[in-house]
1. Go ahead and run the numbers for FRET between Arg162 and Gln268, Cβ-Cβ distance against an R0 of 41 Å, rounding to 0.05.
2. Heavy-atom accessible area per residue, segment 264-421, 1.4 Å probe: how many Å²?
3. Testing the spin-label approximation: label points 7 Å from Cα along Cα→Cβ at Glu276 and Gln395. State their distance in nm.
4. Between Met223 and Leu147, what's the calculated FRET efficiency when r is the beta-carbon distance and R0 is 60 Å? Round to 0.05.
5. Figure the gain on full extension for Lys346 and Lys375 (residue separation times 0.36 nm, minus the Cα-Cα span) and round it to one decimal in nm.
6. Calculate the FRET efficiency for Glu175 and Ser358 from the Cβ-Cβ distance with a Förster distance of 56 Å, rounded to the nearest 0.05.
7. Excluding Ser323 itself, calculate the net charge of residues whose Cβ lies under 15 Å from the Cβ of Ser323, where each Lys or Arg counts +1 and each Asp or Glu counts -1.
8. How many percent of all Cα-Cα pairs in segment 227-287 sit more than 13 Å apart?
Amino acid sequence: MFDLECFFFKCHLQLPFGLFKLFRLMYVFLFFFFFQAEDGIRDAQESRGLGDVYKRQEYGSDLPQRMQVAEVCGRRYRRAQVTRFDPRLQSSAVELGAAGEERLEQPCVIVDEDGCDWSESEGMYVATVDVPSRFVGLIIGKKGRMLKQLQSETGATVEVPRDQAEVCVIRLKSESAAAVVSARTRIELIREDGRDRCDPTHFLNVPLVGAELSPNVERFFQMVQDECGQAEGYDSSICVQSNRLHLTLVVLKLVTRDEVERAKEALQSCQAQVDEILMGTGGLRVELNGIEYMNDDPRQVDVLYMKVGQAGATIKSICNVLSTAMLEAGVLTQAQAQHQRLSAIKLHATLMNTKYRSKNDAPRETFDASQMLEKFGEYEFGSLAISHIALSSMQPAKKCNSPQDQNYYYQTVMRLDTSGS
């Protein structure tokens, strides 16, 4: 047998004293690490390392609150705040702490409160999403590819009704709340993206149609044709018809009848504020004198318009009232308002626009307006009493709504009185 004392005695005689002390310290360290640690770790089972030591520690109630744990299905989890009770995990409530006094009343599942609901009859989480029928095609996709991809990636079943009304109610269900919430979020994003991409449907505007203005506008067009008809890019088809003249205030995307009704109610609610703005003025009256162009180069113009006189400040004040009402009604978003620069709106009445050019299949072509600006830059179109502000559809009027609308190109769905009476 190996004689440990004899070994150390020989080392003491043969090695220098300092090296001998270092050797002995290393021996003591290795002895306690290998033998004592092994005795503490090993038991009847084969050791798997220090993890076994940690697993045998008791989780007592004296731990800080942030370190409280719960055991669910044989696994320990940190205890987190629960926002909705999950009935599927009701049987998983187990004791906490060494004494077993505290029990896990609710499982550690966090579910968005507004995301979905538990259906007892189906044994699943369910939710619905309202989507305007014009956007349902974006959710289904070509040959149903988008719908299949949506179900595959979220794990939820998406039911799109065959008989679609103006607003389609899409139903989502899954055994997983997270899957339903994920599918709902994806559909809402597709819906909002479709809304962003669609063309405007309605707009709030000041109609500039009346016997005081229309003859002067027609006379201007005739003078331009006679004196500037040879200008590069000019064509009479780019001239705006006199019954389409207006000042655009706010552009809207109203894709359902409910949104149209909300916009009408919001417009009507502005009457008192508009009356206060016009108090003592005798009603809204607009002066239109001179012409101006949109871009920087007068030889390459897309839009030529009439300039608004002193009434512009009053109209801008009214525009602020209207845009605020539309935002509060939820028919105008902050992003749309910023895109239209409603806080610093530039009022203009378009006279010529190259998008109306008869060659619709050709690329948009600018025209040279330098000669027009030189000859007619201060042309006086006159003034016009404005009887109302209109909420109009972008589509042409199919019938006359009233005698005062009979010559207006756009269909008026609601009017706000500005006569001051």
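1. Details: r = 37 Å, r/R0 = 0.91.
E between Arg162 and Gln268, to the nearest 0.05, is 0.65.
2. Values: 8630 Å² over 158 residues.
For segment 264-421, the solvent-accessible area averages 55 Å² per residue.
3. Going by the 7 Å Cα→Cβ label model, 3.7 nm.
4. Result of the calculation: an efficiency of 0.55.
5. Working: separation 29, 0.36 × 29 = 10.44 nm, distance 2.39 nm.
This chain segment gains 8.1 nm when fully extended.
6. On the way: r = 60 Å, r/R0 = 1.07.
In this case the efficiency is close to 0.40.
7. On the way: positive: Lys253, Arg262, Lys316, Arg341, Lys346; negative: Glu328.
Net local charge, Ser323 excluded: +4.
8. Values: 1437 of 1830 pairs.
Everything past 13 Å amounts to 79 percent.
The values are calculated or read from the model by the stated rules, or taken from the named source; none is laboratory data. The structure presented is a predicted model; accordingly, all values stated were derived computationally and were not measured. Cβ coordinates were reconstructed from backbone atoms using ideal geometry, including for glycine residues, and neighbour counts include every protein chain displayed. Accessible surface areas use protein heavy atoms only, side chains included; no ligands, DNA or RNA. Shrake-Rupley method; radii C 1.70, N 1.55, O 1.52, S 1.80 Å.
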